[in-house]
Amino acid sequence: MSTDVTEAAAEPAEAAPEVRPPSLSPSRASDFMTCPLLYRFRVIDRLPERPSPAATRGTMVHAVLERLFDLPAVERVPAQAHAMIAPEWERLLEAEPELAALFDDDEGRDEWLTSAAGLLDSYFALEDPTLLEPAERELFVECDLDSGLRLRGYVDRLDQAPDGALRVVDYKTGRAPREGFEAKAMFQMRFYALVLWRLRGEVPRLLQLLYLGSGEVLRYEPDEADLRATERKVLALWDAIALATERGDWRPSPSKLCDWCDHQALCPAFGGTPPELPVLPVPAVPQARAGDERPSPHTPRDEV
Ligand code: SF4
């Protein structure tokens, strides 16, 4: 979730590899806003990260909530969702066998699985999926801004009212932000709303974050002015990323999120030294890879 950071200006020759425009996802935008050095470690150095129980549980709960809507409406009940946890865990284990090392023993794993069931119970307290028929789930969205920057990401769920109005829904397995921090949490949703507006020509009517960790819902009704402001913010962010890339200036920005950062040993804020920057083709523009638009499976989903 190599350094495919090329951005060529010339027409590609017939045999040349495909040239993609620079791109940005909400997760990586959030990385840069949180800590430019973290962005560098993830996007430019491509440093591996260890899986964590919280991030893996987030991935698993999201998968259950996606597949829940495969069931007939009347079967979308807590018992069915609970029954889907073990198969999802097996699926994750099969894809990444090293996840087995997350737990010291079966008891620790079972406690963790029980905590995932608790998050699903919290979901059912927030809405009734028997009354919903989502238009889309895990929807990949992508659009190119006039500047050439490509925005991309995955929307957890898209609902469409009979009158065509769109509601963008995202699940968070953490707690809702404290008062005053809602706007930061809503940035990702505005980002998606901007992409959907560009793609469909219609501003989504409602953006909705479901916080399963605290059983709260954050809602926001965007308008065109909001989304234009979001576009300006994204472009300013991209300018800052391009400048940091040009100067090789990736500063650490310590915060409470450092507790979850896998790269403390390489971070000057913790006495470490970052590796040499890889040599980038010119002009060098960091570019998202397939999968970058998803929150890192090794980072708490709610923090990215
Ligand atoms: S430890 Fe903190 S300051 Fe250092 S790279 Fe990670 S998030 Fe940034």
Original post:
Can residue 142 be described as under 19 Å from the mean Cα position of the chain (by Cα), farther than 21 Å from residue 72 by Cβ and modelled with pLDDT of 95 or more?
Top reply: yes
Subject >> Single residue of 103, 69, 124 found to be out of contact with any Gly (no Cβ under 6 Å at 6 or more places or on another chain), surrounded by fewer than 17 Cβ atoms within 10 Å (Cβ to Cβ), closer than 24 Å to residue 200 by Cβ and hydrophobic (A, V, I, L, M, F, W, C) >> reply: 69
**OP:** For segment 249-269, name all the residues that are surrounded by 12 or more Cβ atoms within 10 Å (Cβ to Cβ), part of a loop (DSSP other than H, G, I, E, B) and more than 7 Å from the ligand (Cβ to nearest atom).
**Re:** 250, 262
Original post:
Name the pairs whose Cβ atoms lie under 8 Å apart, with the first residue in segment 205-228 and within 16 Å of residue 155 (Cα to Cα), the second exposed (fewer than 15 other Cβ atoms within 10 Å of the Cβ) and of a type in the set (Val, Ile, Thr), and 6 or more positions between them or separate chains?
Top reply: 208/217; 209/217; 210/217; 211/217
Subject >> Any chance residue 238 is away from the ligand (no atom under 16 Å from the Cβ) and under 16 Å from residue 28 (Cβ atoms) >> reply: yes
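The values are calculated or read from the model by the stated rules, or taken from the named source; none is laboratory data. These figures come from a predicted structure and were not determined experimentally. Every residue, glycine as well, gets a Cβ built from its backbone with ideal geometry; the counts of neighbours run over all protein chains shown.
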